[in-house]
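Reviewing the structure listed below.
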There are 2 protein chains.
Amino acid sequence: MANGRSPSVKDVAASAGVSLGTVSNVMNRPEVVSPATRERVERAMAELGFVRNESARQLRAGTSRTLAYVMLDGSNPFFHDVAQGIELAAEDADLSLFICNSNGRADREAVHLDRLMQQRVQGVLITPVDPEAPHLAEIGRRGIPIVIVDRVGAGGASCSVAVDDVLGGRIAVEHLAEQGHTRVAVVGGPESIGQVRERVEGARQIWAELGLPPGDLTYLPTSALTVAEGRSAGERLAGIPARRRPTAAFCANDLLALGLLQQGIGAGLRVPEDLAIVGFDDIEFAAAAAVPLTSVRQPRQELGRSAAQLVLDEATNPEHRHQQLSFVPELVARASTVARPRPH
Amino acid sequence: MANGRSPSVKDVAASAGVSLGTVSNVMNRPEVVSPATRERVERAMAELGFVRNESARQLRAGTSRTLAYVMLDGSNPFFHDVAQGIELAAEDADLSLFICNSNGRADREAVHLDRLMQQRVQGVLITPVDPEAPHLAEIGRRGIPIVIVDRVGAGGASCSVAVDDVLGGRIAVEHLAEQGHTRVAVVGGPESIGQVRERVEGARQIWAELGLPPGDLTYLPTSALTVAEGRSAGERLAGIPARRRPTAAFCANDLLALGLLQQGIGAGLRVPEDLAIVGFDDIEFAAAAAVPLTSVRQPRQELGRSAAQLVLDEATNPEHRHQQLSFVPELVARASTVARPRPH
DNA sequence: GGTCGGCGTTGAAATGTTTCATCGGCGTGT
DNA sequence: ACACGCCGATGAAACATTTCAACGCCGACC
């Protein structure tokens, strides 16, 4: 039965007593083949357990049926939500999605991109380590559609989908100021990450515009956007003398915020009374924290979905124009900044 | 410059003044070609920006350079940790990893598997909706190595890697009993998920063995393993009259536990004094919860890594024997069950 | 000086699918 | 009765790579 290799179109053709062109027609344009033979062919396929060889199809067609998403940090649920959005769009277009993870390392990213080029994927979506990196431009030069996700690309040379991170930083800190905080910590890093730079920048902007003294906005740098780094930042925060210590913190993402929250509560702080916290991204775990986290929401799935649509447009529409989509972030206020009436 | 299609081996051969067989040799067995010509070919490749066409390679070679992981629930970080483990092993073997997500739906799973067969992937790792489903056996029958992850396959027909879920349920509830709890809730569902069935089963087993009355082990069914369902279970728990209400809960996974924890704290319960909670999986967010969560740890990455090794063995080793790997889960006790001395 | 062996290179075959020009047969209209 | 047109099926070419038997050349050995 199993003679080792799987049956090919030729085998099906022989078994059904037709030419192999006809078998191909049954698969690709069933309407041109008469119902009788079509059924005969289909039966033969089922009998032999025929499975179309995608490499051969792709070789001849010159184009694959896959998109790829290279994400920046697989341990951050935010990127999985983005990926989910992409997947939905890919599904609609009947494409497969290849998910890679650079883990923030440029060399891994380059390896992935190289492989994807070899696979001749239809398009690449990427949240890059560095949007200016030469291997990104390389992809575009090869004629493979590429869309930068959650960053804006270099000089409009490609499409991109992002939220306005500066604005996000502004609304976060503005919210804290509205709650009456006059000493605020900004937690985030490393500064090599563009998103971090811009969110911090937004915080500084609005702080200045509100006329608050720059010295009262404390920057606490971190070496990564992780829960552990959030905890560590919390310890540093606790080390500041009480009278100068910030009463609120804006974290560059939710993982940091969760770590900070955990450390604070563990140290006996009341949140938000002793320390108010704002995160960024609004991942699902933000709302699920024991003190639900106020966060700057990014439309995570929508980000992915529209990025996928852009890449598909570039792949199929000859008069495609590159565009930079920018979504507006939105503050979701929860208990970590807004004290609720306490049950007394 | 860009004449539309990317350069092929033939173009490189012409440019370097050698035959196309030689170019292939430069790529696949550099040692047989003389250093001089090799360098000439390599220069030509770089000049033309040659990128090997993977479909053609694959068509001729008959085998691809990719593994695939079909995960059960993309919104559960547990599976991403498993995927990470697989990715590490794949990287070592110089393979790409295709990540798919069935989202718990058998039809999506079947679609993914079909596509993967078309791609002639080297092997499939899967956490199936139903390990008995016919489309799983189909893969194996085609000669594609397949490994069941986090479940045991049907009748030893394929390799599998899992933890002993029954044992996990036992140690969780045993731990609660040791803490002096005599009324315990078991939270989880739907029962169509095998992991849930076994964890609950383990809980019941140990409860009986400890000689505790079956009526004091309350089963709270949920419709999914999500944070939201955990909250909802918390509300139902709160609705039980205080004198019969369980003082501890064992949740079938950490997402449920986090939801339950959040709901409990929001309702003013002290954890663990009023309600102790044990989760399952020990995802990173478990330790990061405001009250760090006691959980039954699965070796997440290790699960993925060894599954990948099994699939590779099946793919390359002719005398491969199917095996069912079973890891031992381990209780990680944290503050959600063990009260720490309170700062007074 | 002729033969042998080995190294480096060659060219053709093979992989499985799609596409497209072509062909055969049949019905219709004149 | 003949030509025309149409529908359905055919078979060969093309896609880019790998593999392998064969070949030419050179030095060494007898």
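Short version: which residues of region B:103-152 lose at least 30 Å² of accessible area, all chains versus chain alone, 1.4 Å probe?
B:Arg108, B:Arg115, B:Gln118, B:Gln119, B:Arg120, B:Arg142
Bin width 10 Å, origin at 0, all Cα-Cα pairs of region B:188-344: what percent of pairs per bin?
For region B:188-344, the pair-distance distribution reads 10, 35, 32, 14, 7, 2, 0.
Quick one: check the C-alpha center-to-center distance for region B:261-315 versus region A:24-73, whole angstrom.
The distance from the Cα centre of region B:261-315 to that of region A:24-73 comes to 42 Å.
Between chains A and B, what is the buried accessible area summed over both chains (1.4 Å probe, protein heavy atoms, nearest 100 Å²)?
For chain A against chain B, roughly 4300 Å² becomes buried.
Output the Cα-based Rg and Dmax of region B:116-273 in Å, rounding Rg to one decimal and Dmax to a whole number.
18.7, 60
Leaving ligands, DNA and RNA out of it, report the carbon-plus-sulfur percent of the accessible area of the protein assembly as shown at a 1.4 Å probe.
For the protein assembly as shown, the apolar C and S fraction of the accessible surface comes to 51 percent.
Viscosity 1.002 mPa s, temperature 20 °C: what is the translational diffusion coefficient of region A:77-160 from Stokes-Einstein with a Kirkwood Rh over Cα pairs, rounded to a whole number of µm²/s?
Roughly 163 µm²/s, to the nearest whole number.
Could you rank A:Arg321, B:Arg270 by how accessible they are, 1.4 Å probe, largest area first?
Highest to lowest solvent-accessible surface, that is A:Arg321, B:Arg270.
Using the Kirkwood radius over Cα pairs, work out the Stokes-Einstein diffusion coefficient for chain B at 25 °C and 0.890 mPa s, in µm²/s as a whole number. Working shown, then result.
Numbers: Rh = 22.7 Å.
Answer, rounded: 108 µm²/s.
At R0 = 41 Å, how high is the FRET efficiency between B:Ala56 and B:Glu201 if r is their beta carbon distance? Nearest 0.05 is fine.
FRET efficiency, B:Ala56 to B:Glu201: 0.20.
Restricting attention to the alpha-carbon atoms of the protein assembly as shown, what are Rg (one decimal) and Dmax (integer), both in Å?
27.9, 89
Can you give me the orientation-averaged projected area of the convex hull built on the Cα atoms of region A:20-95, in nm²?
Quarter of the Cα hull surface area: 7.3 nm².
For region A:165-298, what does the accessible surface come to per residue with a 1.4 Å probe? Please give it in Å².
Solvent-accessible surface per residue comes out at 36 Å².
Counting only helical runs of four or more DSSP H residues, what would the 222 nm mean residue ellipticity of chain A come to if each run contributes -39,500 (n - 2.57) and the total is spread over all its residues?
Theoretical 222 nm ellipticity from helices: -13500 deg cm²/dmol.
When each pair of different Cα atoms in region A:1-135 is counted once in the 1/r mean, what is the Kirkwood radius in angstroms, to one decimal?
The Cα-based Kirkwood calculation yields 17.6 Å.
Please report, in whole Å, how far the alpha carbons of region A:9-52 spread along each principal axis, starting with the longest.
Cα spread of region A:9-52 along its principal axes, largest to smallest: 23, 18, 15 Å.
The values are calculated or read from the model by the stated rules, or taken from the named source; none is laboratory data. Everything quoted here is computed from the prediction, not taken from an experiment. Please note: Cβ atoms are built from the backbone with ideal geometry, for glycine as well, and neighbour counts cover all protein chains shown. These accessible areas exclude ligands, DNA and RNA; they are computed on the full protein's heavy atoms, side chains included. Shrake-Rupley method; radii C 1.70, N 1.55, O 1.52, S 1.80 Å.
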